[in-house]
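The structure under discussion appears below in the form of structure tokens.
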Amino acid sequence: MLIHDDVCKAKTYYVANNRSLKVLVRMAWGLRNEVDGSPLFDETAEPWKDLKQKEWKSDNRELGLEIRRRWEDYIKPTSTDPAISALGNDFTTQDADCSFIRAAMARCRLTLIGTAAGRAAEQSALQYNWTGPDPIVCLFHCIIDKPDIRSKFMLRLNSMTSEALENCNSFGSREISVWEDVAVEWNDTGYTVTTESFDRCIHPDLILSRDIPHSSVARLANATAEKCESKFNSTVLYLNRVIQNWEASGQDEGGHIEGRHEFGCLEGREDNALATMANFVPEQDVHFLYIWALIDKYQLLKTCMQVNVQEFAAGNGADGVHRLFDSGRFEARQTDDEDDGVLWRGSKQQRSGGVVQQQRLHDNEMKAQRKKDRLFQKRQSLEKTSLSRKDKRTYLCQLGEREESGVGKVEQVMRAQLLERCNGQSYGRN
């Protein structure tokens, strides 16, 4: 017995089931296109064949629910095949339901086609992504080789003026960013990068200079301002970790160094220290060592890494140990100010006793201050009450007896002032 009424039950049922794709496929099973008579859902045709079966295929229970929705007389099948056969037969239902199902399937088909096209575009873009050392090396050379771009790069972190901020929203009057200039230079077909040659101690691959023509990166995706900035930041982040590990390692000096060096600066370093740089990057990432040496040569290390520290190398391991935990019975140690030449002598017991005594004096001062604040608060609260002068004097006397033990000179003076005020002597009261 078929269901015939004027209500579009298909739409109500579809919305009640959260517009599930499985529900829509079950509802469309057995329906055909009005134009060519082909099945409305064909698992072997586009775009349905790209879907996984678990995304659209229903089990025996779900197929039984769809049959019950279509027909009132329902006999539960013992397997899935009879249920599919029952749904696959041509059936007649309301025109409103059929129109809704066909429209919903058309919308779903368009959505799947758009999703597949976007996925194909992403895969195509990944094939032309910046891979290998050449695009990154060209990026940093675009910043360094052009003096105007280099000067603008060094000022990129400066705060803008009010006029520049107002012109940011206007494309015609706004100032072109440094990354836009870098992108234009990177995309220039006539631009050829010539690498620098560096000391053999850093890495053997950096001894000889080589040319990187634009044809070697022409097959990759074009550079944009956002892409250049993103690649620069990721490279600097990686280099920052490498330099920190290299500086903290002691540069093959066993944790002891002589002199002071700025963060990542290679000038004045020993050959054995430069030889250890390659130990902190994989063999396929040698171009990061080249970028490190390149920005250090042109004094761009600080502005790239955005660090202000003057000394980052590992010093003597005992320098940072607190005096209380320093080993040794006696010690003669020079302070950080080498010009003064002040020697600090003393045993561990004397130094620890001095620290404990200083802490004890500090605790006593804090305790006296807390008592002073407490007495002041009680005096303020007592002034706001409507007690008589006699009651206030009695209260202050009791307060003085309770805090007689352990009260310092500050509390005694405070109590005398309170008693004098309550007696009316300070303000000439009766």
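The values are calculated or read from the model by the stated rules, or taken from the named source; none is laboratory data. Keep in mind that what you see is a predicted model, and the values were worked out from it rather than measured. Using ideal geometry, Cβ is built from the backbone for each residue, glycine included, and neighbour counts are taken over all protein chains shown.
List of remarks:
- Filtered residue count, the range 261-287, keeping only those that are under 17 Å from Val137 (Cβ atoms) and charged (D, E, K, R): 2
- The range 26-71: number of residues that are exposed (fewer than 12 other Cβ atoms within 10 Å of the Cβ), of a type in the set (Lys, Arg) and in a loop (DSSP other than H, G, I, E, B): 1
- Any hit, the range 181-188, residues being among the small types (Gly, Ala, Ser) and under 15 Å from His287 (Cα atoms): no
- Cβ pairs under 6 Å, 6+ apart, first in the range 204-229 and farther than 17 Å from Tyr191 by Cβ and free of Cβ contacts under 8 Å to residues at least 12 places away in the same chain, second of a type in the set (Lys, Arg) and assigned to a loop (DSSP other than H, G, I, E, B): Ile207/Arg200
- Residue list for the range 141-151, filter: more than 27 Å from the chain's Cα centre (by Cα) and either over 18 Å from Ile291 (Cβ atoms) or not in a loop (DSSP other than H, G, I, E, B) (or both): His141, Cys142, Ile144, Asp145, Pro147, Asp148, Ile149, Arg150, Ser151
- Residues satisfying the criterion are absent from the range 137-144 (criterion: at pLDDT below 85 and outside the structural domain of Thr44 (by TED's automatic domain parsing)).
- The range 182-240: number of residues that are under 24 Å from Ala293 (Cβ atoms) and not in a loop (DSSP other than H, G, I, E, B): 25
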